[in-house]
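Below is one structure, written out as structure tokens; comments come after it.
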Amino acid sequence: MMINAQKLGKNTIKTFRYLTGYYELLCYFIKNIRLLHKAPIRAVLYKQVYFTGIEALSKVALIGVLIGIVIITQIVNIAGSNAVLIGKILVWTVVRELGPLLAAIIIIARSGTAIASELGSMKVSGETDSLRIMGINPVEYLLIPRIAGITISVFILTFYFQITAIAGGLGFTSIVRELPFVQHLKVIFSALSLFEISVSLTKSLVFGLLISTVSCYQGFSVKSSITEIPQAATRAVMQSLFLVFIFDGIITLISFA
Amino acid sequence: MIRFENVTTKNFDSLSFEIEKASAYKIITNSDYENRELLNIMLGLEKPEYGRVFIFNEDLCTLPEKELGRLFSRVGAVLIDGGMISNLKVWENIVLPVWYHSGKISEDIEKKAIQRFEETGMDISYLGELMGKLPGPLPVHEKRLIGFIRASLLEPELMIYDSIFEGLSPEMSETLIRVSGTFHSGKAGRTSVYITPDEQSVEGIKADTVLRL
């Protein structure tokens, strides 16, 4: 019992330390976002958007189409070919929930681990020290463009996922089930309000900031041992997932409750 | 230029010395570990347990991070492993500090970098190929050479060399000694500091003072 209480206390302190670290890094990013106008930092930002956003487009499109097919098939099975109901459920699931959430999960799996490992190995091999010696602040040069790049990528991929899920799902079912594609698309657009879109995009921005801050913080917390790198990558993934789900719940409650 | 005042760490007990402007110094340490610690303290990466370290009359132990960045844009350092950034190609590595501090890569900088490579006797056709490579698989002498050219492009007043002549073939070592000597004498008032535990590797360097720790 004593040991459990001790362990619980240690874990609470550790969690608190991480949360404080994430908050500080996020504040640092917001305070120094203007540094993105510096050409070398902007070059890192472009690379990050390319690796995290553009290279993931095909995977996101494929997953989007598959999810769209699954959702529409289930709706048609339950509710028949009621265009209004299909449109509304599709907007509720894909635009409100699955779009931001799945885009975030794909980026956590694809880029969260990559960033934590990359930054961790840069720390271990002394590359961050090399930057300092050149008079370059490694937090400014490495973290600010990564946080901005991932946030932009989540934002874009969420939008892209929603389009492919809706278009792909409707396209597939209109061929297989002979449902009128254009009629369903019109219903979806009429069911889609500016509020739904802004909540979805707010979620994607928040998720992007969370994933990037956690991954960068964990990668940068590696000190000198190579064995710390996989541990940091695992923590980056698990804590990003937790935070994304928690904030998804909070935003949904605030917006729709 | 550099002043150590009663610096005390695990390896050093009240270490004090001063390196004058416009001079070449060899500092011979007793081990790799001591070498690393001295270099880290000199480059502001580690703080001593006790004592103070001054570069350009500014106390490294009390300067905030931003000021350290400004200060080290005036210092060049060539590390034993070259100090390359692994995800940047060789050319991006070379121009990074100039680009970061001046905001642009002028034609002059490009010419100067090529000229420095030519001074080493490197084949110009290989140079083009080298610039597009990632530094990871390059041999250590090339990494050190690239590190030297990168540091020299900012025309620093103070250049610090970390055991870069160790473990090289005599020809390669000679080339590096020659280019570092040319760089030192290329501008009046320049200071060069060679730190190494291997005195033999810096025998070919003409220094004003040799400091044995």
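Please find the FRET efficiency linking residue A:92 to residue A:198, where r is the Cβ-Cβ separation and R0 is fixed at 22 Å, and quote it to the nearest 0.05.
Once the sixth-power term is evaluated, E becomes 0.90.
Would you mind calculating the relative contact order of chain A from Cα pairs under 8 angstrom and at least 6 residues apart, reporting the percent as a whole number?
Relative CO of chain A lands at 32 percent.
Classify chain A as rounded, prolate or oblate, taking a ≥ b ≥ c as the square roots of the eigenvalues of its Cα gyration tensor: rounded when a/c is under 1.5, otherwise prolate if a/b is larger than b/c and oblate if not.
Prolate, since a/c reaches 1.5 and a/b exceeds b/c.
Please give the charge dipole size of segment B:2-212, origin at the Cα centre, charges +1 on K and R Cβ atoms and -1 on D and E Cβ atoms. Round to the nearest 20 debye.
Using only the charged Cβ atoms, the result is roughly 480 debye.
Would you compute, from DSSP H runs of 4+ residues alone, the mean residue ellipticity of chain A at 222 nm, taking -39500 (n - 2.57) per run and dividing by the full residue count, rounded to the nearest 500?
-26000 deg cm²/dmol
Within segment A:74-111, find all residues whose amide N lies under 20 Å from a label point positioned 7 Å from the Cα of residue A:183 along Cα-to-beta-carbon.
Only A:74-91 fall inside the zone, counting backbone N under 20 Å.
Would you mind calculating the relative contact order of chain B from Cα pairs under 8 angstrom and at least 6 residues apart, reporting the percent as a whole number?
Normalised by residue count, the contact order of chain B is 33 percent.
From the phi of every residue in segment A:101-114, what ³J(HN,Hα) in whole Hz does the Karplus formula 6.51 cos²θ - 1.76 cosθ + 1.60 yield, where θ is phi - 60° and glycine or proline is x?
5, 6, 4, 5, 5, 4, 5, 4, 5, 7, 10, x, 5, 4
Quick one: net charge of residue A:166's neighbours, Cβ under 14 Å, K/R +1, D/E -1?
Here the count lands on +1.
Tell me the label-point distance for the pair residue B:20, residue A:27, using the 7 Å Cα-to-Cβ offset, in nm and rounded to one decimal.
4.9
What FRET efficiency would be calculated for the residue pair residue B:212, residue A:79, taking the C-beta separation as r and a Förster radius of 60 Å, to the nearest 0.05?
My answer for the efficiency is 0.10.
If you take every residue apart from residue B:38 with its C-beta less than 10 Å away from the C-beta of residue B:38, what net charge results, scoring Lys and Arg +1 and Asp and Glu -1?
-3
Other chains' Cβ within 10 Å of B:86-99 residues: what's the mean?
If you average over the peptide's residues, the count of other-chain Cβ atoms is 3.
What share of all Cα pairs of segment B:10-106, in percent, falls into each consecutive 10 Å distance bin?
12, 39, 35, 13, 1
Select from B:200, A:212, A:188 the residue farthest towards the positive end of the dipole of the protein assembly as shown; place +1 on Cβ of Lys and Arg, -1 on Cβ of Asp and Glu, and compute about the Cα centre.
Comparing the listed Cα positions along the dipole, A:188 ranks first.
Net charge within 14 Å of residue A:95 by Cβ-Cβ distance, Lys/Arg positive one each and Asp/Glu negative one each, not counting residue A:95 itself?
0
Take every Cα-Cα pair in chain B and report what % of them are more than 23 Å apart.
I get 45 percent for the Cα pairs in chain B exceeding 23 Å.
Please work out the FRET efficiency for the pair residue B:157 and residue B:104, using the Cβ-Cβ distance as r and a Förster radius of 25 Å; give the result to the nearest 0.05.
The formula returns an efficiency of 0.70 here.
Only bridges with both residues in chain B count here: give the DSSP antiparallel percent, nearest 5.
40
If I model a spin label as a point 7 Å beyond the Cα along the Cα-Cβ vector, how far apart are those points for residue B:111 and residue B:8 in nm?
About 5.5 nm separates the two model spin labels.
Peptide A:31-41: average number of partner chain Cβ atoms within 10 Å per residue?
2
Can you give me the distance in nm between label points at residue A:6 and residue B:203, each placed 7 Å from the Cα along the Cα-to-Cβ direction?
5.9
Can you find, among A:158, A:143, A:107, the residue sitting farthest towards the positive end of the charge dipole of chain A, where Lys and Arg contribute +1 and Asp and Glu -1 at Cβ?
A:143
Could you point to the residue in B:91, B:101, B:77 farthest towards the positive end of segment B:65-108's charge dipole, with +1 and -1 charges on the Cβ of Lys/Arg and Asp/Glu respectively?
B:101
Compute, for segment A:2-256, the length of the dipole vector about the Cα centre, with Cβ point charges of +1 (Lys, Arg) and -1 (Asp, Glu) only. Units Debye, rounded to 20.
400
Need the list of lysines near residue A:14 for cross-linking: C-alpha distance under 21 angstrom, and skip anything on the same chain fewer than eight residues off.
Counting by Cα, and skipping residues close in sequence, residue A:14 has these lysines nearby: A:223.
Against the globular-protein guess of 2.2 N^0.38 Å, express the Cα radius of gyration of segment B:110-181 as a ratio, rounded to two decimals.
Normalised Rg, Cα atoms only: 1.07.
Sort largest first and round to whole Å: the equivalent ellipsoid semi-axes of the protein assembly as shown, each the square root of five times a Cα gyration tensor eigenvalue.
For the protein assembly as shown, the ellipsoid semi-axes come out as 54, 26, 17 Å.
The numbers here are math on the coordinates, done by the rules we state, and not lab data. In this text the structure is predicted, and so the values were computed from the model without any measurement. Quick reminder, even Gly has a Cβ in these numbers, built from the backbone with ideal geometry, and neighbours come from all protein chains shown.
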